[in-house]
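The next block holds one structure in the form of structure tokens; read it before the comments.
The values are calculated or read from the model by the stated rules, or taken from the named source; none is laboratory data. Please read all numbers here as calculations on a predicted model, not as lab measurements. Cβ atoms come from the backbone with ideal geometry, glycine included; neighbour counts cover every protein chain shown.
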Amino acid sequence: MSDTIGYGLTSQKQLRELATVVCDVLGHGQHRQAVEMLIETAGAETKRGLFLDKTVNAGMGLTQIDKLPFKDIKDRCRESDKIALNIYLDINIALVEWEHLRYNPLLALIFTRLKYKKIPESIPTTVEDRAIYWKKYYNTVAGKGTPEHYIASNLQFDSDIAYV
């Protein structure tokens with residue numbers, strides 16, 4: 001694993017700042033866990049930008065959004081979210097292309113938050129339960145990731161996460 005941060009991310013601090021901005025605009029969730037969910041998703045998918053995935057036609061960007069879910073998110077984005085993104089971040093979702101996520105961590109986090117917003121179940125409050133939630137709704141049964149992978153991928157960044 002390299003110490004170089006990729007996907008347009010400049011620092012781990014920037015990741016938290018961008019995740020917070022995204023959630024300030026799109027909502028922090030019932031239990032206010034959306035920022036952690038976004039950061040941990042980036043951890044599971046790309047080791048928070050430290051692992052550069054060279055797989056062709058797979059996930060795009062910091063949070064490895066696949067092309068079909070990207071299109072679905074874009075097509076089914078709530079009008080209120082489109083308006084909020086336009087007003088507060090000057091982003092028109094209709095103009096965003098999948099490839100734009102490659103080096104734009106803000107866009108990657110926006111689409112990840114929009115994906116999680118479509119899930120009726122609230123984002124859990126513990127890292128163990130968020131790992132299961134990620135596997136069920138983000139990585140899915142087809143994905144290679146496991147809840148243990150999710151937790152282990154985030155351990156190096158957060159010393160307060162206990163490995164299960």
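Just a few scattered comments:
- Number of residues in the stretch 29-52 that are among the polar types (S, T, N, Q) and without any contact (Cβ under 8 Å) to a residue 60 or more places away in the chain: the value is 1.
- THR140 falls short on exactly one of the conditions (1) loosely packed, with under 13 Cβ neighbours inside 10 Å; (2) at pLDDT 95 or above, and that condition is (2).
- Filter result (surrounded by fewer than 22 Cβ atoms within 10 Å (Cβ to Cβ) and either more than 19 Å from THR140 (Cβ to Cβ) or hydrophobic (A, V, I, L, M, F, W, C) (or both)) within the stretch 48-72: LEU50, PHE51, LEU52, LYS54, VAL56, ALA58, LEU68
- In the set LEU26, LEU89, LEU9, LEU85, only one residue is surrounded by 15 or more Cβ atoms within 10 Å (Cβ to Cβ), touching a residue at least 24 places away in the same chain (Cβ under 8 Å), within 22 Å of VAL127 (Cα to Cα) and of a type outside the set (Ser, Thr, Tyr); that residue is LEU26.
- Residue among GLU17, GLU45 that alone is surrounded by 15 or more Cβ atoms within 10 Å (Cβ to Cβ) and farther than 19 Å from LYS118 by Cα: GLU45
- Subset of the stretch 34-81 that is of a type in the set (Lys, Arg) and over 13 Å from PRO105 (Cα atoms) - its residue that is nearest to the chain's Cα centre (by Cα): LYS47
- Among the residues of the stretch 117-136, the ones that are crowded, with 16+ Cβ neighbours inside 10 Å, of a type in the set (Ser, Thr, Tyr) and either free of Cβ contacts under 8 Å to residues at least 60 places away in the same chain or touching a helix residue (DSSP H, G or I) at 6+ places or on another chain (Cβ under 6 Å) (or both) come to 0 in all.
- Checking each residue in the stretch 72-93 for being farther than 12 Å from LYS117 by Cβ, in contact with a helix residue (DSSP H, G or I) (Cβ under 8 Å, 6 or more places away or on another chain) and among the β-branched types (Val, Ile, Thr) picks out ILE91, ILE93.
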